[in-house]
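Read the figures in this text as sums done on the coordinates, not as results from a lab. None of the values given here were measured: they were computed from a predicted structure. Positions of Cβ are generated from backbone atoms using ideal geometry, with glycine treated the same way; all protein chains shown enter the neighbour counts.
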Ligand SMILES: [Zn+2]
């Protein structure tokens, strides 16, 4: 019997919401006066803000942090500047500082829909599920007609599903009691599946992506490096060989620029596994999205790397998700635009799955 398992990743979809500051320039005889969000700000603050915004648009996030930090110091009571500073912090992986900036922004002005969405997205991508759900709910009740409301409502139901699974695994706390050295239990709670050792190396076919909008040649390289990273982390328990034709392959990787083809509107990649009750996994197909789900989060090499590691994990049998943002199998693709390597926990988990004896597998 062949059954199919579909795994999907939630994306902090609204995390970088559109910046909506109303910037007005008015001149009087004495001097230029700059108003942002109804408040006057200095020329220096305005210039730093603009520079930061341009750096963010060109994905130069480190320089954006510097400019926007300066702007927020020069105009400490401007909510929009705090919001944009938070976006820059989040993109450079400084999520705690980013959350603080967003709370400051909402204390100054609680009517910024986008700021609520960004805050919810950051709670989500740092594994704070309860706070994330609560923040998105606040947003939905305050701004039911907002253009992102439908997307966020769908995201909230996905997050509630993750929360329910965590509670089913760990009880009401929804988290492991002690820090575990692997996350095997979390990702196998819907059943243990894997490839047979005799099937190694697994034959992988990477579909050419040149005709797919948004595809960059380095994505294929990053994908191959990510297969190698899992092989290395597993001490060779899993291994891969590239093949030239799809009909020779057990794992097929393909590219798509159409998010509508994906089951959930908030995923950056997805894996479909075919498994046989007798022999375990028989086939895997991974589809990678080449265009951003949220315009402000371009598909950078760093994000493609995270998606590759995550989807390959699924195709190896790590079918579930974890609550720990450092894990390759964390449920959310965050906003941080930073390179990810597999951790010791990732390595321990794949080793544990592939060193189980068949009796242990049968007894579960
Ligand atoms: Zn996933």
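State the extension gain, in nm to one decimal, for the chain segment bounded by residue 50 and residue 207, taking 0.36 nm per residue of separation less the distance between their alpha-carbons.
Here the answer is 52.4 nm.
Compute the acute angle (0 to 90°) between the alpha-carbon long axis of helix 129-142 and the principal axis of greatest extent of the alpha-carbon atoms of the chain; round to the nearest 10°.
50
Tell me the Kirkwood radius of the stretch 251-349: reciprocal of the mean inverse pair distance over distinct alpha-carbon atoms, in Å.
Value: 14.2 Å, from the Cα pair sum.
If you fit an axis through the alpha-carbon atoms of helix 301-315 and take the longest principal axis of the Cα set of the chain, what angle between them do you get, 0 to 90°, nearest 10?
30
Please report the orientation-averaged projected area of the stretch 312-361, defined via the convex hull of its C-alpha atoms, in nm². Write down the numbers at each step before the final one.
Values: hull surface 15.6 nm².
Mean projected area of the Cα convex hull: 3.9 nm².
Quick one: what does P(r) look like for the chain with 20 Å bins over all Cα pairs, in whole %?
28, 52, 17, 2, 0
Calculate the spin-label point distance for residue 295 paired with residue 351, positioning each point 7 Å from the Cα along the beta-carbon direction, and give it in nanometres.
According to this spin-label approximation, the distance is 4.7 nm.
I need the calculated FRET efficiency for the pair residue 107 and residue 137, taking r as the beta carbon distance and R₀ as 22 Å, to the nearest 0.05.
Efficiency, rounded to the nearest 0.05: 0.70.
Calculate how steeply helix 149-170 sits against the longest principal axis of the alpha-carbon atoms of the chain, using the helix alpha-carbon long axis, and give the answer as 0 to 90 degrees to the nearest 10.
Approximately 50 degrees, to the nearest ten.
Along the Cα→Cβ direction, 7 angstrom out, place labels at residue 170 and residue 58. What is the inter-label distance in nm?
Between residue 170 and residue 58, the simple spin-label model gives 4.2 nm.
Which value in nm describes the separation of the simple spin-label points at residue 145 and residue 283, placed 7 Å from the Cα toward the beta carbon?
Here the answer is 5.0 nm between the modelled labels.
What are the principal axis extents of the Cα atoms in the stretch 32-170, in Å, biggest first?
Here the Cα extents, ordered largest to smallest, are 58, 30, 23 Å.
222 nm [θ] for the chain, helices only, -39500 (n - 2.57) per DSSP H run of 4+, per residue, to 500?
On the way: 12 runs with 159 residues, N = 364.
Rounded to the nearest 500, the figure is -14000 deg cm²/dmol.
Given a Förster distance of 30 Å, report the FRET efficiency between residue 189 and residue 341 from their Cβ-Cβ distance, rounded to the nearest 0.05. Walk me through the intermediate numbers first.
Numbers: r = 26 Å, r/R0 = 0.86.
The calculated FRET efficiency here is 0.70.
Where in the stretch 289-309 does the label zone of residue 216 land, with the point 7 angstrom along Cα→C-beta and an amide N cut-off under 15 Å?
Residues passing the 15 Å test: 289-293, 296-308.
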